Structures are given as structure tokens and as C-alpha cells.
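Everything on this sheet refers to the single structure shown next.
Nothing in this text is a laboratory measurement; each read-out follows from the coordinates by a stated rule. This is a predicted model, so every value here is computed, not measured. Note that each Cβ is placed from the backbone with ideal geometry, even for glycine, and that neighbours are counted across all protein chains shown.
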Amino acid sequence: MFKKTSLRQIQAIVYVLLIALLYAALDQQIINLEQHLPVYGTSEDAAVEHVTKEPNNKTESQYDILIDLTESMLYLFENNKLIKKYPVAQGKPETPSPIGVWYIVNKARNWGGGFGTRWMGLNVPWGTYGIHGTNRPSSIGNRASHGCFRMRNRDVEELYSIVPFKTRVIVYGGPYGNMGSTFDKLEPGDRKSQVAEVQKRLQKLGYYTGAIDGIYGEGMKAALLKFKKDNNLPLTHYVDWATYKALGIFPFE
């Protein structure tokens, strides 16, 4: 009797642990949705549609998109004339949206779930970012995403139908420019707009010869150490306030 009860208890514990692990895995998958995109997506009422990539012979678009992060607004221009505006959700402070000038390089329909009904991918070199719909319309207007720009499904469907490949997307950081309103302490492995700004300045000063890709890798690490040595700064791999100041980078640029 004792052995039988003990076996059932063990089975129950194993079952609970398996369920807990399953839910933890599912939760992590949801958290990482916007950073680890599949090649295609599904919708409950639509067939799977593969991502359509940018044609090589496509000319530049007559449209421009401006995303103002201070207002969480997306503005659509046609031949420099404002024709539409939409509210958006942007990245959280810990997963900021990519500031800079990008282009739409792929499009897809009906991914469903957190991506809503439309996807427009951007050519950001340090990660996968795009403009897409959402199943959380209450997040619109807030800093709520993993860096992508969320729109209401009806809005993103309209925008998707208007803008072609190679539409320019200008993501503006408000009155503080590309560095935002504060200095982030950068370290190897970071991927963000501020890394790209440091790379640009190091390149301009003749220390960095790599790609301006927003990724703090080995090339930037070596360039930064040489710059710090030449400017009598502590020889660490961090980009801190003293480093920004020595580089001539300020938050209002």
C-alpha cells in the first residue's frame, strides 16, 4: 500500500513538473516572438503565406514613413506631403526600437497572434525589426514591444496596401536625437542604435574600420581600447559617460 501511494505521488510530481516546464517554454516563446521571427506565419482563418522579399529591380518608393518616438506616432508621406498618421506602440526601455533610417525589405500577411494581420520588415542590421499588427490593441501608444512597431490591425492593413518595397522608414528619437534622452552604458554584445552612433564617431576619428551595424563586436572593442589609450581613459570595454564625452557625443545630438 505504501509503495503504491508513493508511486502515485512521484507520478503526480513528475506530471506537475512537466506541465510547469511546458508553460515556461511557451511563455519564453511568447516573450521572444518579436526577436526570433519564423519564415512564415499562420492565422486561424487564413492560409500560411510566405514572406515576400524585396525584388532586386525595384525602384525607390514615392512614399516615406516617419515614426516619432516622442509621440508614438507613425506619419505617412507621399511625395513629401503628409497623407496619413497612425498611433503605434514602440519598444520597451530595455528593448528599444531602432533609431535611424531604414527601408522596408520584406512583407507578409496573416502571421496571426502577436504579429496581427500584416508584417513589414526593416533592414536593421543588428536584429529583426518591423511594423506589424497586434492582438493587444491596448498597447498602442505605449512602450510595450520588443523593439518592433505595433499598429492596430485595421491601420497596418491600410498601410500595407499603400507602401511598396524600399519605402524609407525614418525612426526619430525625439528632441534628443539618436542617443535618446539618456546615456546607456554599452558593453560587448550590445545591439542598438547607440552602438551605431559610437561606431560612426570612432570611424570618423580613424579608429574603427568595420561595418556600422549597431553590434558591439570584436572590431569595435579593439577600436575603443585604442581610442581610450590615446585619450588617457580607463582601459575597459565599457562605453560610459566619460567615453561619450571624449568622443564628443551628447544626448541632444
Per-residue HN-Hα couplings for region 97-111, Karplus 6.51 cos²θ - 1.76 cosθ + 1.60 at θ = phi - 60°, whole Hz, x for Gly and Pro? 6, x, 7, x, 10, 10, 9, 6, 10, 8, 9, 8, 10, 6, 6
Amide H neighbours of ILE67 under 5 Å, at least 5 residues apart or on other chains, H built in the peptide plane: list them. TYR75, ILE170, VAL171, TYR172
If you plug each phi of region 69-83 into the Karplus form 6.51 cos²θ - 1.76 cosθ + 1.60 with θ = phi - 60°, what whole-Hz ³J(HN,Hα) values come out, in order, with x for Gly and Pro? 6, 6, 10, 6, 10, 10, 10, 10, 10, 10, 6, 6, 10, 5, 10
Projected-area average for region 134-174 over all orientations - Cα convex hull basis, square nanometres: 3.7
So who's got an amide H within less than 5 Å of the one on ARG118, skipping anything under 5 residues away but keeping other chains? H placed 1.01 Å off N, in plane. ASN110, TRP111, GLY133
So if I place +1 on the C-beta of Lys and Arg and -1 on the C-beta of Asp and Glu, and nothing else carries charge, what would the dipole magnitude of region 133-253 be about its Cα centre? I want it in debye, nearest 20. 40
Least to most buried among GLU157, GLU94 (fewest other Cβ within 10 Å first): GLU94, GLU157
Shape of region 177-247 from its Cα gyration tensor (a ≥ b ≥ c, root eigenvalues): rounded if a/c is under 1.5, otherwise prolate when a/b > b/c, or oblate? rounded
